[in-house]
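Let me begin by presenting the structure, written as structure tokens, before commenting on it.
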Amino acid sequence: MARIYLDHAATTPPDPRVLEAMWPFYTTYWGNPSSIYLEGQEARRALDAARKLAADLLGATPKEIVFTSGGTESDNAAIRGAAHAQRALGRGAHLVTTRIEHHAVLHTVEQLEREGFSATYLPVDADGTVDLAALEAAITAETTVVSVMAANNEVGTLQPIAEAARIVRARNPKTVIHTDAVQAAGSVDITPSALGVDLLSLAGHKLYGPKGVGLLYIKNRTPWQPMFLGGSQEKERRAGTENVAGVVGMATAMKLAWDERDARNAHAAALRDRLLFELPERIPDTVITGPTDPAGRLANNFSCCFRNVEGESVLLALDMADIAASSGSACTTGALEPSHVLTAMGIDSDLAHASLRLTVGASNTGADIDRVLETLPAIVARLRALAGPG
Ligand SMILES: Cc1ncc(COP(=O)(O)O)c(C=O)c1O
């Protein structure tokens with residue numbers, strides 16, 4: 001039986017059109033873009049063109065784009081870079097983020113706390129939407145960086161970034177605003193000027209592009225200092241020989257995602273909505289996590305918890321049934337902490353342990369969803385019977 005991949009929030013299969021665009025930069029134009037001879041200049045031209053394309057898609061200028069190694073680096077560089085630059089300007093050392101960020105943001109803010117910064121972690125409501133009143137109350141004259149994700153990777157909640165940015169600006173116009181748009185990109189409008197943000201993170205591999213490449217948008221004149229020091233690449237904002245093929249792939253993937261956004265969303269939402277509405281009918285005691293209103297979440301995201309089941313067992317049983325799914329959180333072996341996102345949403349730890357995330361993508365079909373709807377109820381019923389009365 002063909003395998004069914006339902007974990008597009010973790011990563012997406014590279015689009016053949018992206019691979020085709022990248023290939024010449026491994027085979028023919030493999031020069032170093034910093035070299036002055038022909039081979040280098042060919043690579044330079046590709047890099048410049050990719051930067052211009054990415055900038056155009058973001059309504060930005062090429063100077064505002066720094067290519068990175070992915071979402072994690074972009075998040076680290078955004079927050080550390082702005083926090084340290086702002087502190088050097090004597091503007092304060094208070095950071096604000098939310099309790100449901102990706103660990104690339106949370107661990108960066110926690111590290112900065114160890115380096116002497118203070119931080120506020122904003123609460124969210126039961127749907128995972130950030131509390132804007134708490135945001136307003138948190139901003140002081142000392143607040144230098146605010147980081148709120150555009151869409152959550154576990155439960156798909158879309159955050160009111162533009163409104164959050166307006167609140168922050170009204171309280172402290174000097175605060176730098178960052179959004180992690182790694183999951184939102186390609187699904188909703190993430191034009192930085194429309195959102196009102198100064199810094200924005202993206203990753204190629206969530207957009208049917210390559211892994212190991214990402215982008216950080218840095219609005220002109222934003223106080224920010226680089227994390228990587230060395231050569232003068234990326235206008236001295238990210239040292240290191242550029243990943244030319246990766247950058248070309250990232251920009252190509254962005255272009256396809258932007259052009260095909262409506263069709264991709266419609267396809268994903270039609271499949272996802274069947275999970276959202278039909279699974280709870282087929283499996284008793286299914287608790288949908290994240291907004292129950294489909295418009296409030298990423299078009300491809302379905303997430304839920306099953307009472308009286310161990311989430312890991314569900315994932316293993318699905319894998320044996322040739323369905324790739326996720327618990328939504330990166331539970332590493334030996335660290336079976338309940339998801340910080342679900343906990344922040346007020347879900348008790350027992351229920352949070354039984355979480356499932358199914359994220360659909362371009363290649364999924366109605367038949368895939370039929371198979372999930374047929375397979376999953378039996379898996380949950382069997383595991384519940386094994387667990388005994390809960
Ligand atoms: C919201 C969010 N931010 C950041 C990242 C990290 O991206 P990368 O794995 O490309 O470093 C991820 C990846 O799962 C994510 O979902």
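Quick notes on this one:
- Looking across ALA10, ALA2, one residue alone is closer than 30 Å to LEU275 by Cα and surrounded by fewer than 14 Cβ atoms within 10 Å (Cβ to Cβ). It is ALA2.
- Taking residues in the stretch 62-77 that are under 17 Å from GLU236 (Cβ atoms) and acidic (Asp, Glu), and partners anywhere that are in a helix (DSSP H, G or I) and within 15 Å of the ligand (Cβ to nearest atom), the pairs with Cβ atoms closer than 9 Å and at least 6 places apart or on different chains are GLU73/ALA104.
- Any pair with Cβ under 7 angstrom, 6 or more apart, that starts in the stretch 325-342 at a residue that is assigned by TED's automatic domain parsing to the domain that holds ARG357 and within 27 Å of ASN364 (Cα to Cα) and ends at one that is at pLDDT below 90 and assigned to a loop (DSSP other than H, G, I, E, B): SER339/GLY328; SER339/SER329; VAL341/SER329
- Any hit, the stretch 120-129, residues being buried (at least 20 other Cβ atoms within 10 Å of the Cβ) and farther than 22 Å from GLY346 by Cβ: no
- Which numbered condition LEU315 fails, given (1) within 25 Å of GLY388 (Cα to Cα); (2) touching a strand residue (DSSP E or B) at 6+ places or on another chain (Cβ under 9 Å); (3) modelled with pLDDT under 95: (3)
- In summary, strands (runs of 3 or more DSSP E) completely within the stretch 172-225 and bearing 2 or more residues that are in contact (Cβ under 8 Å) with a residue 24 or more places away in the chain, buried (at least 22 other Cβ atoms within 10 Å of the Cβ) and more than 14 Å from the ligand (Cβ to nearest atom) occur at 176-180, 214-218.
The values are calculated or read from the model by the stated rules, or taken from the named source; none is laboratory data. From a predicted model like this one, the values you see are computed outputs, not experimental measurements. Heads up, the Cβs are rebuilt from the backbone with ideal geometry, glycines too, and the neighbour counts pull from every protein chain shown.
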